[in-house]
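Participant: The structure under discussion is supplied below as structure tokens; questions concerning it will follow.
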Amino acid sequence: MSNLYNNLAVLACEGWSWGCIHAHGFAPFMAAALAIFCCAWWWWVMKIPKINPPLPPGPLGLPIIGNLPFIQPELHRYFLDLSRIYGPIFKLRLGRMIVIGINSPSLANEVLKDQDAIFANRDSPAAAVAGTFGGLDIAWRSNGPDYNRLRKLVMREIMSKQGLDACYMLRRREVRRMVKEIHEKVGSIVNIDEQLSATALRVMMSTLWGDDPSNLIGEERQSKDLFELRKQLDEFVRTFAAPNLSDLFPVLAPFDIQGIESKAKNLLSWFYGVFESVINNRINIGDDGKEKEKVSKDFMQQLLDLHQRGNDKSSLSITEVKALLLDMMVGGTDTIPTTAEWAMTELLRHPDKMAKLVAELDMVVGNQTVVEECHIPKLIYLDAVIKETLRLHPVVPLLLPHVPSETSIIGGYTIPKDCRVFINAWAMQRDPKLWDDPLRFQPERFLESDMSYRGNNFRYFPFGSGRRICVGVSMAEKMVALLVGSLVHSFQWGLLEGTKPGLEDKFGIVLKKAESLVAIPIARLPNLEQYQ
Ligand code: HEM
């Protein structure tokens, strides 16, 4: 986003300096232009229809572009600052788009619970339409019967306990591979971010389609390997996050001035190629009875089973299968490792909490075996550590934008149909009015509480709430616990002399750490086999 703002700033400054240099000859012209501009502004402000009840308060913008030039790139902080000035509900205008910011549990409750059916819509940005098979996935699909069908299928068949249990061995294999890789580096500096990101990507790939990811792409392995996939995924997310003039000024949409839609299409066809070859591979394997037996029930198999149900209500088209694969890959590959990295950061900053977690792991898991998913329900302190991490560092800080399907009233203000509503979970989860000593990392606050990830309490909802709550909650819960539990159980972690990991974040679709976490591992477990 900052690029656009920088460009706007540069344009403004260039225009200004040009005006100054040539000021002599152009003074009357400039005065006339200024007068016309003021009239246009006045006309524009007056022409805004008076709505009753009014729109929420917010900063006054410029004609046509609205508040666009004044937006700060760290949106979660900027929205908090605005709510300090204008109150817990405020409005911005970006070109034709109205943005509503929400920063109080009672208003979040109105949007995500009382009026959930109205606010459960999404309006796919132009890049999402181009980049997700026309918005056929879950994340960008408008609310309605098709969305409900797709979501129910995924929740019932894939994210259910049985669905997730069916591919546990695939998750386990990749986590064990990470532990082995780190063990080869004991005593030296390890980039925890790199280890977690590579593992999460492998986990997502093997969970999605089972095989060893490096063998996936067959002959094209050299060019489309894991790193290429990572690069393309990053590019995909960047393309979505880029502010697009087509969204702010729909009249410009046919021209795709920034080339964002065509880039999204190119990326899509790259992923399309990968999925196509994986699906064909799978269908071929499926033809061979013997091979079929070997294939674990990964997501791909489960989705293809749904596809093969033909015209049944619960069937999926092959395009929907691909759109869902992309959704899962984008949804899971950044959020999970980023959360695990934040948890490790907080633990390394708080040796007393780390010691408590080590004690719990030693008691529940012991030192003769390794952390397995069956241990997770007994690891109460680990659960509290992850909950506290997601309170302070919710990786999707403003949720995804909710779009009302009809004009409605929230907090006594009119919220127009089709505007974008951003709910600042990050700010609420750090609000001193809602939490004692909110900036302190204190997992113990979750030991006595019944707060869950299900979005039933609007002081704490890192996965969102209502119909649009994250579909990957159960998978994320298992994966983050397995990753953090395995890192802490297998190694004792030290920091470089005189350093302490920082807490600075950088805003994006996923709120990441500004600097990667590095630390030095020492093996804790007695048997070499525990690292194989
Ligand atoms: C720590 C990990 C994760 C966090 C904190 C997280 C958080 C979120 C949040 C806040 C939303 C938006 C909810 C809303 O708009 O109200 C969301 C949506 C979504 N997430 Fe996650 N997520 C995580 C992991 C995952 C995983 C592992 C997957 C899939 C494998 C996933 C797939 C999705 C999808 C498809 C949506 C769109 C749901 C819809 O629009 O109906 N997420 N997630």
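Participant: Regarding the range 378-394, can at least one residue be identified that is within 17 Å of the chain's Cα centre (by Cα), of a type in the set (Val, Ile, Thr) and within 22 Å of residue 248 (Cβ to Cβ)? Outline the logic, then answer.
Facilitator: We begin by selecting, within the range 378-394, every residue within 17 Å of the chain's Cα centre (by Cα); these are 386-387, 389-394.
Remaining after also requiring of a type in the set (Val, Ile, Thr): 386, 389.
Still in the list and also within 22 Å of residue 248 (Cβ to Cβ): none.
Checked the range 378-394: no residue is within 17 Å of the chain's Cα centre (by Cα), of a type in the set (Val, Ile, Thr) and within 22 Å of residue 248 (Cβ to Cβ).
Participant: I need the full set of residues from the range 98-118 which are assigned to a loop (DSSP other than H, G, I, E, B) and surrounded by fewer than 24 Cβ atoms within 10 Å (Cβ to Cβ), in order please. If you could, list the steps in order and put the result at the bottom.
Facilitator: If we filter the range 98-118 for residues that are assigned to a loop (DSSP other than H, G, I, E, B), which is where we start, we get 103-104, 115.
The answer is 104, 115.
Participant: Got a sec? Which of 397, 404 is more than 17 Å from residue 488 (Cα to Cα) and within 9 Å of the ligand (Cβ to nearest atom)? Steps first, please.
Facilitator: Working: 404 fails: within 9 Å of the ligand (Cβ to nearest atom).
Every option except 397 fails the conditions.
Participant: Could you say which residue among 267, 306 is at pLDDT below 80, under 25 Å from residue 124 (Cβ atoms) and open to solvent by less than 40 Å² (accessible area, probe 1.4 Å)? Explain how you work it out, then say what you get.
Facilitator: Numbers: 267 fails: at pLDDT below 80.
Unique residue meeting the criteria: 306.
Participant: Give the residue, chosen from 412, 331, 366, that is away from the ligand (no atom under 13 Å from the Cβ) and touching a residue at least 40 places away in the same chain (Cβ under 8 Å).
Facilitator: On the way: 331 fails: away from the ligand (no atom under 13 Å from the Cβ); 366 fails: touching a residue at least 40 places away in the same chain (Cβ under 8 Å).
Residue meeting the stated conditions: 412.
Participant: Also: Among the residues of the range 435-456, which ones are farther than 22 Å from residue 469 by Cα and either touching a Leu at 6+ places or on another chain (Cβ under 7 Å) or at pLDDT 95 or above (or both)? Spell out how you get there, then give the answer.
Facilitator: Residues of the range 435-456 farther than 22 Å from residue 469 by Cα: 435-445, 447-448.
Residues satisfying the conditions are 435, 436, 437, 438, 439, 440, 441, 442, 443, 444, 445, 447.
Participant: Mind checking which residues of the range 431-469 are within 14 Å of the ligand (Cβ to nearest atom), open to solvent by less than 50 Å² (accessible area, probe 1.4 Å) and assigned to a loop (DSSP other than H, G, I, E, B)? Before you say what the answer is, go through the steps one by one.
Facilitator: Residues of the range 431-469 within 14 Å of the ligand (Cβ to nearest atom): 452-456, 458, 460-469.
Then drop every residue that is not open to solvent by less than 50 Å² (accessible area, probe 1.4 Å), which leaves 452-453, 455, 458, 460-466, 468-469.
Scanning the range 431-469 gives 452, 453, 455, 458, 461, 462, 463, 464, 465, 469.
Participant: Please list, ordered by first then second residue, the pairs with beta carbon atoms under 6 Å, 6 or more apart or interchain, first in the range 269-280 and free of Cβ contacts under 8 Å to residues at least 24 places away in the same chain, second of a type in the set (Asp, Glu) and surrounded by 20 or more Cβ atoms within 10 Å (Cβ to Cβ).
Facilitator: Listed pairs, sorted by first residue: none to list.
Participant: When residues of the range 148-197 are filtered for being open to solvent by 50 Å² or more (accessible area, probe 1.4 Å), in a loop (DSSP other than H, G, I, E, B) and either within 14 Å of the ligand (Cβ to nearest atom) or touching a Phe, Trp or Tyr at 6+ places or on another chain (Cβ under 7 Å) (or both), how many remain?
Facilitator: Qualifying residue count for the region: 0.
Participant: Is it the case that the range 93-107 has a residue that's without any contact (Cβ under 8 Å) to a residue 60 or more places away in the chain and either small (Gly, Ala, Ser) or touching a helix residue (DSSP H, G or I) at 6+ places or on another chain (Cβ under 9 Å) (or both)? Show your work before the answer.
Facilitator: Taking the range 93-107 first, the residues without any contact (Cβ under 8 Å) to a residue 60 or more places away in the chain are 93.
Still in the running and either small (Gly, Ala, Ser) or touching a helix residue (DSSP H, G or I) at 6+ places or on another chain (Cβ under 9 Å) (or both): 93.
Yes, there is a match, as at least one residue in the range 93-107 is without any contact (Cβ under 8 Å) to a residue 60 or more places away in the chain and either small (Gly, Ala, Ser) or touching a helix residue (DSSP H, G or I) at 6+ places or on another chain (Cβ under 9 Å) (or both).
Participant: Could I ask something else about it? Hand me the list of strands (runs of 3 or more DSSP E) wholly inside the range 333-430 holding 1 or more residues that are open to solvent by less than 20 Å² (accessible area, probe 1.4 Å) and of a type in the set (S, T, N, Q).
Facilitator: Working: elements: 408-410, 413-415, 420-423.
Result: 408-410, 413-415.
Participant: So, in the range 492-532, of the ones that are assigned to a loop (DSSP other than H, G, I, E, B), β-branched (Val, Ile, Thr) and in contact (Cβ under 8 Å) with a residue 12 or more places away in the chain, which residue ends up most open to solvent (accessible area, probe 1.4 Å)?
Facilitator: At the first step, the residues of the range 492-532 found to be assigned to a loop (DSSP other than H, G, I, E, B) are 495-504, 507-511, 514-517, 524-527, 532.
Retained after the next criterion (residues that are β-branched (Val, Ile, Thr)): 499, 509-510.
Of the ones still in play, those that are also in contact (Cβ under 8 Å) with a residue 12 or more places away in the chain are 509-510.
Working: 509: 73, 510: 22 Å².
Among those residues, the one meeting the criterion is 509.
Participant: Sticking with this one: Cβ-Cβ below 8 Å, separation at least six or inter-chain, first residue in the range 449-466 and at negative phi, second among the acidic types (Asp, Glu) and within 13 Å of the ligand (Cβ to nearest atom): which pairs?
Facilitator: Once the first residue is at negative phi and sits in the range 449-466, its partners that are among the acidic types (Asp, Glu) and within 13 Å of the ligand (Cβ to nearest atom) give 453/477.
The values are calculated or read from the model by the stated rules, or taken from the named source; none is laboratory data. Computed from a prediction, not measured in an experiment: that's the story for all the values here. Positions of Cβ are backbone-derived with ideal geometry, glycine not excepted, and every protein chain shown enters the neighbour counts. For the accessible areas, the whole protein counts, side chains as well, though only heavy atoms, and no ligand, DNA or RNA atoms are used. Shrake-Rupley method; radii C 1.70, N 1.55, O 1.52, S 1.80 Å.
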